[in-house]
Protein chains: 2
Amino acid sequence: MAAISKVDLEKAATILKLLGDKTRLTMIKILDSHDCCVCEFVAMFNASQPAISQHIRKLKDSGLVGETRRGQWIIYSLNKESEYYPFVCSLLEHLPNQDFKLQQLEKQGLRISCD
Amino acid sequence: MAAISKVDLEKAATILKLLGDKTRLTMIKILDSHDCCVCEFVAMFNASQPAISQHIRKLKDSGLVGETRRGQWIIYSLNKESEYYPFVCSLLEHLPNQDFKLQQLEKQGLRISCD
DNA sequence: TTAGTATATAATAATTTGCTTATATACTTC
DNA sequence: GAAGTATATAAGCAAATTATTATATACTAA
């Protein structure tokens, strides 16, 4: 039986606040299974590019999300090495799968990242 | 193997936002093992009574917390019947036990509820 | 019934958040 | 190197959040 990772209460509150936004929570849920770039999120959420960039920045600042440049695109991924990943994971387990959003993108020919 | 309860993404974000506050998160962690009244929280957090009441109201409005009057006091407890309790529980598991806060209260003779 | 304790609520002020608009940077392709 | 695409960032603003102050309600005890 693996021990449950403990998270400092103050840090936990910070993470929950970060994820207490529908857009960011959905992003993290999607990133848990697929890497994505900004323009994919923009298409998925019907949001402006700066709005998405700003959400991503918060996720990056927390260390939950990492980035890699691939040519023109910057591919974002969940940082599974984060000390808080197990905590986040146990939230994500309760959320419904969001793969349909990526499938919609594919249908529209807007899927970029390949993972 | 019990299935993991699924929570609508929008509702999940609302709950995470609610718990994304150090005071409310600590309250919920404490209420998971002990009932408490407002004046106990006031003493524990060194916060004003209206500030605590307003935090509690939000928790009540979400359905996560219930109340019972006991004479002069209103005793708050975690609503384990809430549809979102399993979700909240899997967060709380990652938080360090806060019993020391109640023990401090007892030492100061400020513990009210008996559970 | 009056005083005291516990709690809620309303009004307001301070802070934070998340968006928009405008612009800058980085890469690709011609 | 010029044009196009992807992304970041800064400034400004509106909405949401949280605390404070002041007051009201509910119960207890004298």
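Laid out as a table, the results:
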| quantity | calculated |
| --- | --- |
| Spin-label pair residue A:100/residue B:53, simplified geometry with 7 Å Cα→Cβ offset, distance in nm | 4.4 |
| Shielding of B:85-96 by partner chains, average beta-carbon count, 10 Å | 5 |
| Listed pairs A:29/B:101; A:22/B:101; A:29/B:80; A:80/B:29; A:17/B:60 exceeding 29 Å between Cα atoms | A:29/B:101; A:22/B:101 |
| Listed residues B:42, B:7 arranged by accessible area, highest first, probe 1.4 Å | B:42, B:7 |
| Principal semi-axes in Å for region A:1-85 [√(5λ), Cα gyration tensor, largest first] | 24, 15, 11 |
| Given charges at beta-carbon only (K, R positive; D, E negative), |dipole| of region B:9-107 in Debye | 260 |
| Mean-position separation - Cα centroids, region A:40-81 and region B:7-71, in angstrom | 32 |
| Accessible carbon and sulfur surface of the protein assembly as shown relative to its total accessible area, %, 1.4 Å | 49 |
| Computed over the protein assembly as shown, Kirkwood Rh from alpha-carbon pairs, angstrom | 19.2 |
| For chain A, accessible area per residue (1.4 Å probe, heavy atoms of protein chains only), Å² | 53 |
| Selection of GluC sites (Glu not before Pro), region A:1-95, meeting DSSP coil and at most 10 other Cβ within 10 Å | A:81 |
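The values are calculated or read from the model by the stated rules, or taken from the named source; none is laboratory data. Here the structure is a predicted model, which means the values were calculated and not measured. Don't worry about glycine lacking a Cβ; one is built from the backbone with ideal geometry, like all the others, and counts go over all protein chains shown. Calculation scope for accessible area: heavy atoms of the full protein, side chains included, ligands and nucleic acids excluded. Shrake-Rupley method; radii C 1.70, N 1.55, O 1.52, S 1.80 Å.
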